[in-house]
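Please read the structure below before turning to the comments.
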Amino acid sequence: MSAASIALFTSDLRVHDNPVLHAAAQGTGGVVPLFVLDDGVRAAGFDVPNRRAFLADCLADLDDALRARGGRLVIRSGDVVERTAEAAAEAGARDVHVAGGVSGYAHRREERLRRVLEADGRRLHVHDAVITALAPGEVTPAGRDHFAVFTPYFRRWQAARHRDVLRAPRRVRVPEAVGSGPVPRRHAVSGVSPGLATGGEVAGRRRVTAWLGSPLRHYAQGQDDLAGDATSRLSPHLHFGTLSAVELVGRAREAGGDGAEAFVRQLAWRDFHHQVLAARPAAAHADYRTRHDLWRRDEQEAEAWRTGRTGYPIVDAAMRQLVHEGWMHNRARLLTASFLTKTLYLDWRLGAAHFLSLLVDGDLANNQLNWQWAAGTGTDTRPNRVLNPLAQAKRFDADGSYVRRWVPELADVPGLEGGAVHQPWKLRPAAARAALAYPEPLIDLGDGLARFKQARGLD
C-alpha cells in the first residue's frame, strides 16, 4: 500500500473539479482532507464575521460531501505550516498537495511549507488553475512577467487552452489515526450581516444551475442595472472556491450568447487581477502606478461614506447594502470607490479596508486592484476618469428603485417620485427638505472635481 497524501484546502473548498483533492486521492494509502483555521489570516485582519460565517457554511458542506464519499474533513487551528506538518506526520504522508496562491502571504506560506516538509523527507505539490480559470503567469507579454492592461490579456486568455474539468472522487478514505477539531458553525459567529448569503458547494452549484438559464441570457443587457440585481452573485463562491472558475467558464461557453460572453469576460477580469497581484504582491498595499497623490484626511467624511450618510442617495444606498448583505453590486462598488477617492479625495486604502471588513467575497487581488483601478493608481488606462454619482444614478437607477430599497427615509416622500429621489436637496418647499431625516451633500460635485483636478495637476 502506498503512503497517504494530504489535500490542504485553502480557497478551494469543493469536491468537484478540485485538482488538489483529485491528485491527493490517487494513491491507495488514503488522503487527509485538511483545513487549518490559520492564525496568520487572523493576525492579518482578514478573519472578519461575514467571511468567517460563510467559511463555516463552506466547511460544514465540504465535510458533508467528504462523508458521503466515506471520508471526513480534518480541522486544525494554529500556524498552517506547523499543523500541516503535524498531520502529515500522524498520517505517515509523503506528499502534500495545495492550490497555488497569489498574495505575498500565500507565497511565503508555500515557501515555509516546502522547507519544513522537505526537512522531514516529504514533498509539496503546488497546483495551478485551482482558484482561477487560468494560472497566473500562464500567458505573459513579450519581455514582461505579467499583463498590465486587460484588453491584450483578455485576447490571450480567450485563446489559451484551459485545463480539463475533473470529476469529484467517488471514494475518500481518511486514515483513522488522524484526529480533528470540530467543524465551525455559522451560529457561533457574531456580528454577521443580516442578509448574508449561505455558503457551501451545494448552495453554489444550485445558484449556478439557476444562473445558467434565463438570467445569463440577459446578463449583457442587465449587468449594470442596480435595482434589477441581474448579476450572478457567484463571487463569494469563487472567493472560497466552492465553485471552479474553470468549470464556470466551460459551462457559460456551452450556454452561449451575448450574456455568456459578457459573463466570461468578468471571470477573465478576476484572473487578470490575480496575475497582477501574483507578479506584484506589494500592490495589495502600495500604488501599482503612483500618481504622487497627497490624499486628504477627514475622518468625518470617511465615516459619513462608510455609514451611507454622504447626502448622495445612490452612494448611500450602496454603502447600506454592503452593511446589510456583506455584498455590493459591482457597478455600485465602482461608483462608491470613485466617490471616495476622486470626489472626496480620500486614500483608496481607507475604502479598501472598509470593504474587506464586510465583503463576504473580500478577495485581496480583486478588492485591492479594483480599488486602485477606481482611484487611478492601478491598471486603468484612463486614471483620471471620475464617475459622477448623479449621472450614474440616472443611467443605472433611473426610477430610483435601488435607492428606495436601501434608503427608506427617502422611499415615500412626496415630491421625490421617480428619479427625483437622487437629488433630495432640490425638494421644495425648503421646509419639506428640512424635515427629511437625510443629510445635505457632503460636498458639491463641482467643487470635488475641481479639487481632484488640482491635486492631479490637471488644471
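Expressed in nm², what is the orientationally averaged projection area of the convex hull enclosing the Cα positions of segment 405-459? Please list the in-between numbers first.
Numbers: hull surface 20.0 nm².
In nm², the orientation-averaged hull projection of segment 405-459 is 5.0.
Scattering from segment 227-270 was approximated by placing one identical point on each alpha carbon and applying the Debye formula without solvent; log10 I(q)/I(0) at 0.23, 0.28, 0.29 1/Å stands at -0.83, -1.12, -1.16. Residue-normalised convex hull volume from the C-alpha trace of segment 353-419: 116 Å³ per residue. Give the average over all directions of the projected area of the C-alpha convex hull of segment 301-422, one decimal, in nm². The Cα convex hull of segment 301-422, projected and averaged over all directions, gives 6.9 nm².
Spatially, segment 20-43 and segment 346-387 are offset by 32 Å when compared through their Cα centroids. Residues whose amide H lies under 5 Å from that of residue 37, counting only those 5 or more places away or on a different chain, are 76, 77, 78; hydrogens are built 1.01 Å from N in the peptide plane. Full extension of the chain between residue 289 and residue 323 gives 9.2 nm of extra length, using 0.36 nm per residue less the Cα-Cα distance.
Rounded to whole Å and ordered largest first, report the semi-axes of the equivalent ellipsoid of segment 177-304 derived from its Cα gyration tensor (root of 5λ). Walk me through the numbers on the way to the answer.
Details: eigenvalues 166, 130, 73 Å².
Computed over segment 177-304, the values are 29, 25, 19 Å.
Note on segment 113-243: Cα convex hull, mean projected area over all directions, 14.2 nm². Once Rg and the Kirkwood radius are both taken over the C-alpha atoms of segment 163-226, their ratio Rg/Rh works out to 1.11.
Would you calculate, for the chain, the mean residue ellipticity at 222 nm contributed by helices, counting each DSSP H stretch of 4 or more residues as -39,500 (n - 2.57) and dividing by all residues, to the nearest 500? Walk me through the numbers before you get to the answer.
Details: 21 runs with 209 residues, N = 459.
Helices in the chain give a 222 nm mean residue ellipticity of -13500 deg cm²/dmol.
Put in order of Cβ neighbour count within 10 Å, fewest first, the listed residues 219, 312 become 219, 312. Within a straight-line Cα-Cα reach of under 23 Å, residue 426 can be paired with the following lysines, leaving aside sequence neighbours fewer than 8 residues apart in one chain: 394. Just to be sure I understand the curve: with the Debye formula and one point per C-alpha of the chain, what is log10 I(q)/I(0) at q = 0.06, 0.08, 0.09, 0.14 Å⁻¹? Computed log10 I(q)/I(0) values: -0.28, -0.50, -0.63, -1.37.
For segment 5-128, the alpha-carbon coordinates run over 38, 34, 26 Å along the three principal axes, in decreasing order.
Each value in this text was obtained by applying a stated rule to the coordinates, not by laboratory testing. Quick caveat, the model's predicted, so the values are computed rather than measured. Every residue, glycine among them, receives a Cβ derived from its backbone with ideal geometry; neighbour counts consider all protein chains shown.
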